[in-house]
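Colleague: Following this message is one structure expressed as structure tokens.
The values are calculated or read from the model by the stated rules, or taken from the named source; none is laboratory data. The model shown is predicted, which means the values in this text are computed figures rather than measured ones. Note that each Cβ is placed from the backbone with ideal geometry, even for glycine, and that neighbours are counted across all protein chains shown. Accessible surface areas use protein heavy atoms only, side chains included; no ligands, DNA or RNA. Shrake-Rupley method; radii C 1.70, N 1.55, O 1.52, S 1.80 Å.
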Amino acid sequence: QVVNYAPFTLLPSAVPRALFEQAYAVQQDFNLLVDAVSQNKEFLEQTLASAIKVDDFTARLFRIYKQVLEEGLAQTVFLGINRSDYMFDCGLEGAAALRQIEINTIAASFGGLTSRTADVHRKAGDPARSMWSVYGFNDVLGISSSAVVMFLVEEVQRNIFDQRCVENELWNRNIRVVRKRFQDVFEQGSLDASRRLYMDGQEVAVVYYREGYVPQVYDEQNWEARLLLERSRAVKCPDIATQLAGTKKVQQELSRQGTLEKLLPGHPEAIARIRATFAGLYSLDEGEEGDRIAATAIADPDRFVLKPQREGGGNNLYGEELREVLEKIKDSPERTSYILMDKIKPQPALNYLLRAHSPLQVSECISELGIFGVYVRQGRELVLNQAAGHLLRTKAIEHADGGVAAGVAVLDTPYLV
């Protein structure tokens, strides 16, 4: 009654080898792009201008971002652990194409458990490369050898064993780990004169967020704690600029013609690889363009997905629910807190989804592939940029949205075909 096993498929799911390899090949490009967006104040300001007027959560994050920039960044080393998620769109022709769902720049989970799923399926293959050696740069920072990595976690953590996998890898490398909540940071956290972060007198080298991506976790004390962390010299994974780079509004703006060229000048091949993964993305900002796309979606809601500026799964709207919400907000500035995306239509396959206390039965299923990316930047120089493993999640076709933690999808292993 306290612990359940992580849900998984009975059998590995077929994944087209060419699309799997395409997803891996483009991950370093996406790492480069996310990092470029996080450093571009003008782009973030312009892109998020409409959303922050109507979405208080994004506005509060952006306020901290601006405050930290205005007083000058203490952080000099930047660590990104992100995950780019895709589905295989069959479309009208039936030939599968890789289409990006989103990129997760904060609390990109299941790196730990998914590395063990292949063992469960007893399939031989190359083990996923370690994601975590990136933390071993104490010499670069010039910090105390006794400094720790701080996992920022929820009060009640259902996905704790995924985090423990990561934590154990660090302990095995003699890197000390502490687990703290926002409340602990508010009560125990402090900065010294050079803005080094201390928790209860102990120096913190890296803050690894597994919390902080949904509005419900923030009260005024927690916002104060977040500001303290962002003002510190500690390496944040992610820093607040990178969290903002992962918003849906940024995702939509990146698909505009010419935007990638401005953000990644001199990288035409990377731009081509990135753009090849984009689904149709549409702005709902006020004006003629937004009016037209809102009317199109209301008339044919099954073509689209309505996405708010939220992470964590279970937030997107489909079909009649999409139509009802858009009808309600179509003439309101509130619509600018959403974007529209073409609905991806993958080919279902049969599998068994194994969950605690659930009957074992065959289901029609669809899968979502995630590729983990890791990068480290020191000042302006990118010193590490890797694709660092994959995650396959599978769910029954009757569920339009929702991940593993939401109780919908299960862990899976790609069987390349």
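Colleague: Look through segment 57-68, keep the residues that are open to solvent by 50 Å² or more (accessible area, probe 1.4 Å) and over 16 Å from ASP219 (Cα atoms), and return whichever of them is farthest from the chain's Cα centre (by Cα).
Modeller: Kept after step one, since they are open to solvent by 50 Å² or more (accessible area, probe 1.4 Å), are these residues of segment 57-68: 63, 66-67.
Narrowing further to those that are over 16 Å from ASP219 (Cα atoms): 66-67.
On the way: LYS66: 22, GLN67: 24 Å.
Step by step, filter segment 57-68, then rank; the result is GLN67.
Colleague: Working carefully through the options GLN157, GLN163, find the one that is open to solvent by 30 Å² or more (accessible area, probe 1.4 Å), under 18 Å from ILE106 (Cα atoms) and at pLDDT below 95. Show your work before the answer.
Modeller: Details: GLN163 fails: open to solvent by 30 Å² or more (accessible area, probe 1.4 Å).
Result: GLN157 is the single residue among GLN157, GLN163 that is open to solvent by 30 Å² or more (accessible area, probe 1.4 Å), under 18 Å from ILE106 (Cα atoms) and at pLDDT below 95.
Colleague: For segment 256-277, indicate whether the set of residues that are more than 18 Å from ASP35 (Cα to Cα), of a type in the set (A, V, I, L, M, F, W, C) and in contact with a strand residue (DSSP E or B) (Cβ under 8 Å, 6 or more places away or on another chain) is non-empty.
Modeller: Yes, there is a match, as at least one residue in segment 256-277 is more than 18 Å from ASP35 (Cα to Cα), of a type in the set (A, V, I, L, M, F, W, C) and in contact with a strand residue (DSSP E or B) (Cβ under 8 Å, 6 or more places away or on another chain).
Colleague: Could you please find all residues in segment 230-244 being within 27 Å of LYS307 (Cβ to Cβ) and either in contact with a Cys (Cβ under 7 Å, 6 or more places away or on another chain) or not in a loop (DSSP other than H, G, I, E, B) (or both)? Can you show your working first?
Modeller: Within segment 230-244, the subset within 27 Å of LYS307 (Cβ to Cβ) is 230, 236-244.
Correct list: GLU230, LYS236, CYS237, ILE240, ALA241, THR242, GLN243, LEU244.
Colleague: Quick one: is VAL362 outside the structural domain of LEU48 (by the TED database), without any contact (Cβ under 8 Å) to a residue 40 or more places away in the chain and aliphatic (A, V, I, L, M)? First the steps, then the outcome.
Modeller: Numbers: outside the structural domain of LEU48 (by the TED database): no; without any contact (Cβ under 8 Å) to a residue 40 or more places away in the chain: yes; aliphatic (A, V, I, L, M): yes.
Criteria not met by VAL362.
Colleague: Okay, next question. Kindly check whether there is at least one residue in segment 289-301 that is without any contact (Cβ under 8 Å) to a residue 60 or more places away in the chain and under 21 Å from THR58 (Cα atoms). Reasoning before the result, please.
Modeller: Just the residues of segment 289-301 that are without any contact (Cβ under 8 Å) to a residue 60 or more places away in the chain, to begin with: 289-301.
Next, only the ones that are under 21 Å from THR58 (Cα atoms) stay: 290.
Yes - at least one qualifying residue is present in segment 289-301.
Colleague: May I pose another question? Taking only segment 167-186 into account, find how many residues are surrounded by 19 or more Cβ atoms within 10 Å (Cβ to Cβ) and in a helix (DSSP H, G or I).
Modeller: Residues meeting the conditions: 5.
Colleague: Taking VAL54 as meeting all but one of (1) under 22 Å from the mean Cα position of the chain (by Cα); (2) surrounded by fewer than 22 Cβ atoms within 10 Å (Cβ to Cβ), write down the number of the exception.
Modeller: All conditions are met except number (1).
Colleague: Okay, next question. State whether one or more residues within segment 339-355 are out of contact with any Cys (no Cβ under 6 Å at 6 or more places or on another chain) and free of Cβ contacts under 8 Å to residues at least 24 places away in the same chain.
Modeller: So far as segment 339-355 goes, yes, one or more of its residues are out of contact with any Cys (no Cβ under 6 Å at 6 or more places or on another chain) and free of Cβ contacts under 8 Å to residues at least 24 places away in the same chain.
Colleague: So, of the residues in segment 350-390 that are of a type outside the set (Lys, Arg) and in a loop (DSSP other than H, G, I, E, B), which turns out to be nearest to the chain's Cα centre (by Cα)? First the steps, then the outcome.
Modeller: So the first thing to find is which residues in segment 350-390 are of a type outside the set (Lys, Arg), and the list is 350-354, 356-376, 378-379, 381-390.
Checking which are in a loop (DSSP other than H, G, I, E, B) leaves us with 356-361, 379.
Values: ALA356: 27, HIS357: 29, SER358: 29, PRO359: 31, LEU360: 31, GLN361: 31, GLY379: 23 Å.
Restricting to residues being of a type outside the set (Lys, Arg) and in a loop (DSSP other than H, G, I, E, B), the top hit is GLY379.
Colleague: Looking only at segment 196-222, which residues are open to solvent by less than 40 Å² (accessible area, probe 1.4 Å), assigned to a strand (DSSP E or B) and more than 22 Å from ASN82 (Cα to Cα)?
Modeller: Across segment 196-222, the qualifying residues are LEU197, MET199, GLU203.
Colleague: Any chance segment 398-406 includes a residue that's in contact (Cβ under 8 Å) with a residue 40 or more places away in the chain, touching a Pro at 6+ places or on another chain (Cβ under 8 Å) and in a helix (DSSP H, G or I)? Please lay out each step first, then the result.
Modeller: Quick first cut of segment 398-406, residues in contact (Cβ under 8 Å) with a residue 40 or more places away in the chain only: 400-406.
Applying the additional criterion that residues be touching a Pro at 6+ places or on another chain (Cβ under 8 Å) yields 404.
Keeping just the survivors that are in a helix (DSSP H, G or I) gives none.
Checking segment 398-406: not a single residue is in contact (Cβ under 8 Å) with a residue 40 or more places away in the chain, touching a Pro at 6+ places or on another chain (Cβ under 8 Å) and in a helix (DSSP H, G or I).
Colleague: Taking the condition of being among the basic types (Lys, Arg), touching a Ser or Thr at 6+ places or on another chain (Cβ under 8 Å) and closer than 21 Å to GLU381 by Cβ, how many residues in segment 37-96 meet it?
Modeller: 0
Colleague: Restricting attention to segment 334-374, which residues are at pLDDT below 90 and either surrounded by fewer than 14 Cβ atoms within 10 Å (Cβ to Cβ) or under 15 Å from GLN100 (Cα atoms) (or both)?
Modeller: Of everything in segment 334-374, those that are at pLDDT below 90 and either surrounded by fewer than 14 Cβ atoms within 10 Å (Cβ to Cβ) or under 15 Å from GLN100 (Cα atoms) (or both) turn out to be ALA356, HIS357, SER358, PRO359, LEU360, GLN361.
Colleague: Every residue in segment 1-51 that is exposed (fewer than 14 other Cβ atoms within 10 Å of the Cβ), closer than 26 Å to LEU384 by Cβ and either touching a Pro at 6+ places or on another chain (Cβ under 9 Å) or among the basic types (Lys, Arg) (or both), please.
Modeller: Matches in segment 1-51: LYS41 only.
Colleague: So, one more: Of ALA51, ALA36, which residue is at pLDDT below 95 and of a type in the set (Gly, Ala, Ser)?
Modeller: Numbers: ALA36 fails: at pLDDT below 95.
On inspection, the qualifying residue turns out to be ALA51.
Colleague: Considering only segment 369-417, state which residues are closer than 24 Å to PHE30 by Cα and basic (Lys, Arg).
Modeller: Within segment 369-417, ARG377, ARG380, ARG393 meet the criteria.
Colleague: Being over 24 Å from GLN46 (Cβ atoms) and either open to solvent by 70 Å² or more (accessible area, probe 1.4 Å) or outside any loop (DSSP other than H, G, I, E, B) (or both) is the filter here, so list the residues in segment 312-329 that pass it.
Modeller: LEU317, GLY319, GLU320, GLU321, LEU322, ARG323, GLU324, VAL325, LEU326, GLU327, LYS328
Colleague: List the pairs whose first member sits in segment 214-230 and is within 14 Å of PHE62 (Cα to Cα) and in contact (Cβ under 8 Å) with a residue 40 or more places away in the chain, whose second member is buried (at least 18 other Cβ atoms within 10 Å of the Cβ) and among the small types (Gly, Ala, Ser), and whose Cβ atoms are under 7 Å apart, counting only residues at least 6 apart or on separate chains?
Modeller: So the pair list comes out as ARG226/GLY212.
Colleague: From the list VAL34, VAL3, VAL15, VAL77, exactly one residue is assigned by the TED database to the domain that holds ALA396 and more than 30 Å from LEU197 (Cβ to Cβ). Which is it? Write out each step before concluding.
Modeller: Details: VAL34 fails: more than 30 Å from LEU197 (Cβ to Cβ); VAL3 fails: assigned by the TED database to the domain that holds ALA396; VAL77 fails: more than 30 Å from LEU197 (Cβ to Cβ).
Testing whether each residue is assigned by the TED database to the domain that holds ALA396 and more than 30 Å from LEU197 (Cβ to Cβ) leaves just VAL15.
Colleague: Where in segment 245-300 are the helices (runs of 4 or more DSSP H), entirely inside, with at least 2 residues that are in contact with a helix residue (DSSP H, G or I) (Cβ under 7 Å, 6 or more places away or on another chain) and open to solvent by 30 Å² or more (accessible area, probe 1.4 Å)? Please lay out each step first, then the result.
Modeller: Working: elements: 248-254, 259-263, 268-275, 288-299.
In segment 245-300, 268-275 are the helices (runs of 4 or more DSSP H) which contain 2 or more residues that are in contact with a helix residue (DSSP H, G or I) (Cβ under 7 Å, 6 or more places away or on another chain) and open to solvent by 30 Å² or more (accessible area, probe 1.4 Å).
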